[in-house]
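Below is one structure; the comments refer to it alone.
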Number of protein chains: 2
Amino acid sequence: MNDLANTPELVTVGDEPKTLAEAAYRQLRRDIIEGVHRPGDKLRVEHLKDQYEVGAGTLREALQLLVTDALVVAQGQRGFRVAPISLDDFADITRTRVLLETSALQQSIELGDDAWEASVVAAFHLLSRAEDKLSDGAKASREEWELRNRAFHEVLIGACPSRWIRHFQNILYHQSERYRRLSLFRQPIPRDVHAEHQAIVDAALARNAAEATRILSEHIMRTLEAVRQLPADFIN
Amino acid sequence: MNDLANTPELVTVGDEPKTLAEAAYRQLRRDIIEGVHRPGDKLRVEHLKDQYEVGAGTLREALQLLVTDALVVAQGQRGFRVAPISLDDFADITRTRVLLETSALQQSIELGDDAWEASVVAAFHLLSRAEDKLSDGAKASREEWELRNRAFHEVLIGACPSRWIRHFQNILYHQSERYRRLSLFRQPIPRDVHAEHQAIVDAALARNAAEATRILSEHIMRTLEAVRQLPADFIN
DNA sequence: ATAGGCAAAAATCTCGAGAAAAAATATTGA
DNA sequence: TCAATATTTTTTCTCGAGATTTTTGCCTAT
């Protein structure tokens, strides 16, 4: 019987790209998430192949990889486009994230060992430190906070044994990140997330799954409320 | 504000392939699901391009599309392989399916209108008819039953507005189907699923979400139990 | 002025050959 | 005999050019 830990990951998340196509894929992904290529933009292979310094076929492959992440949509014989955004889509993403992430957290709390507890505490500490430096509004510290926030949420569900939930959750996180980058730089000061994170950690360590998932659920949903209050024409 | 119904689908699920790459993708997917290419098999582009009558680059693209469905895994500079299978993986798939499908059913029951009810009844009727013809064990009728079973489960969650849940559910269904094809042709007579389907329909039409999701959950989980009782060396 | 259709242009899709990498085989030395 | 290295073979990855399809622009007729 195969051990789950020995089966290959669903998505190759290697440290450094071993192929030109993958390198182009990462650059393109970053550029899409950061808004260099706007939602709905046409992605012409002939243009982009020069910009990213690869052949046409290679860039095509990179685009295909982005379709996997649903950051790019491919239409029959009409090329590629950056996936469009909408408030409804973000609401959908957020709700689905809640569904997956609460389930994963529940399993983590149920199965997590001492090492898991330690990693949660450590990630929370790093995140708290990043929050201290966040006040000056520098872009670099903001970047740091994003990374540690992501790491915190990842570690939290790290003891969940389901590769599939983590896989889907990963896709949705990329999607959410794109929405955040496209909108939240307008309201640069996040709400009081520290207390929420603290409460999640406390409940998780106390093995209080119901409480932890409740807070996490509200925590994620609040990002939806924040975007809902943006000017209506901005999201379109 | 964009309407969700107007946004493009996450995965192009068009009726007929508009491109050679997509045609090759579909043939390959069918062959993998049906076990022509066994789990773990190496998929050499040079061989397959002749077999599927397309160029190397085109076949490469088809393989990339299969990575999206997690039916194929791509390793750095070492080509493509058919995704391996394991009992643990199947258990993971099944549990995640339960999570997504029950959530979708709950929303369907909450939001479904008369047209949805009608489609559920219709799909159930078609499935029941297929069950009648199933006794002779002919391959064609078995095929028909598979199709209608899938249609039934799809219609059941058809009123769920979440494109993301349906997207993920779709991926997992393909995965499950592969496991079924690889194993269940050995125990060709399915257990008494008719009563379970009937119970789900009744609860759904009565808008009893708790009952419907409970039965659906057990229904899906039973397929896992069935595979668990196979000879241990078969799944490996 | 607008609608329809025809022609030109642009973009996508496809293919086969060459370069780079990995795997397999053979060789050499202890 | 075994291990380590070198060579050969296989396979993957990459590129640019040609064929097909879509889009754009223009022209004509009502």
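The values are calculated or read from the model by the stated rules, or taken from the named source; none is laboratory data. Just so it is clear, the structure is predicted and the values come from calculations on it, not from any experiment. Reconstructed Cβ throughout: ideal geometry from the backbone, glycine too, with neighbour counts over all protein chains shown. Only protein heavy atoms, including side chains, enter the accessible area calculation; ligands, DNA and RNA are left aside. Shrake-Rupley method; radii C 1.70, N 1.55, O 1.52, S 1.80 Å.
Ignoring any ligand, DNA or RNA, what whole percent of the accessible area of the protein assembly as shown comes from carbon and sulfur when the probe is 1.4 angstrom?
51
A cut-off under 9 angstrom between Cβ atoms defines the neighbours of A:Ser162, and their net charge, with Lys, Arg +1 and Asp, Glu -1, is +2.
The alpha-carbon of A:Lys133 sits under 17 angstrom from the alpha-carbons of these aspartates and glutamates, leaving out residues fewer than 8 places away in its chain: A:Glu143, A:Glu144, A:Glu146, A:Asp192.
Spacing of the modelled spin labels on A:Val45 and B:Arg78, each 7 Å from Cα toward Cβ, amounts to 2.9 nm.
Each stretch of four or more DSSP H residues adds -39500 (n - 2.57); spread over every residue of the protein assembly as shown, this sum gives -21000 deg cm²/dmol at 222 nm. Residues of region B:97-122 whose accessible area (probe 1.4 Å, heavy atoms of protein chains only) drops by at least 10 Å² once all protein chains are present, relative to their chain alone: B:Leu99, B:Leu100, B:Ser103.
How big is the B/A interface in buried accessible area, both sides summed, 1.4 Å probe, to the nearest 100 Å²?
Roughly 3700 Å².
In nanometres and ascending order, the distances from the B:Pro17 label point to those of the other copies are 2.7 (point 7 Å from Cα along Cα→Cβ).
In the assembled protein chains, A:Asp202 presents an accessible area of approximately 80 Å² (probe radius 1.4 Å). For B:Asp41, nonlocal amide neighbours, meaning residues 5 or more places apart or on other chains whose placed amide H falls under 5 Å from its own, are B:Val82.
Of A:Glu46, A:Glu110, A:Glu225, the order by accessible heavy-atom surface (1.4 Å probe, DNA, RNA and ligands excluded), from most exposed downward, is A:Glu110, A:Glu46, A:Glu225. Of all lysines in the structure, the ones whose alpha carbon falls short of 24 Å from that of A:Lys42, not counting any fewer than 8 places away in one chain, are B:Lys18. Placing dummy labels 7 Å off each Cα toward the beta-carbon, the span from B:Ala118 to A:Ala118 is 6.3 nm.
Which length gain, in nm to one decimal place, applies between A:Ala56 and A:Ser128 when the Cα-Cα distance is subtracted from 0.36 nm times their residue separation?
The span from A:Ala56 to A:Ser128 would gain 21.4 nm if fully extended.
Projecting the Cα positions of A:Ala212, B:Gln64, A:Ala138 onto the charge dipole of the protein assembly as shown (unit charges on Cβ atoms of Lys, Arg, Asp and Glu, taken about the Cα centre) puts B:Gln64 furthest along the positive direction.
By the Stokes-Einstein formula, at 1.002 mPa s and 20 °C, region A:95-223 with its Kirkwood radius over alpha-carbon pairs has D equal to 144 µm²/s.
The residues of region A:55-95 occluded by other protein chains by 50 Å² or more of accessible area, set against the chain on its own, are A:Glu61, A:Gln64, A:Thr68, A:Asp88, A:Asp92; surface from heavy atoms, 1.4 Å probe. What region B:20-82 shows is 48 Å² of accessible area per residue, with the surface traced by a 1.4 Å probe over protein heavy atoms. Couplings 3J(HN,Hα) of region A:66-74, computed from phi: 6, 4, 4, 7, 6, 8, 9, 10, 10 Hz, in residue order, whole Hz [Karplus 6.51 cos²θ - 1.76 cosθ + 1.60, θ = phi - 60°; x for Gly and Pro].
These residues, B:Arg60, B:Arg148, B:Arg44, go from largest to smallest accessible area, 1.4 Å probe, as B:Arg44, B:Arg60, B:Arg148.
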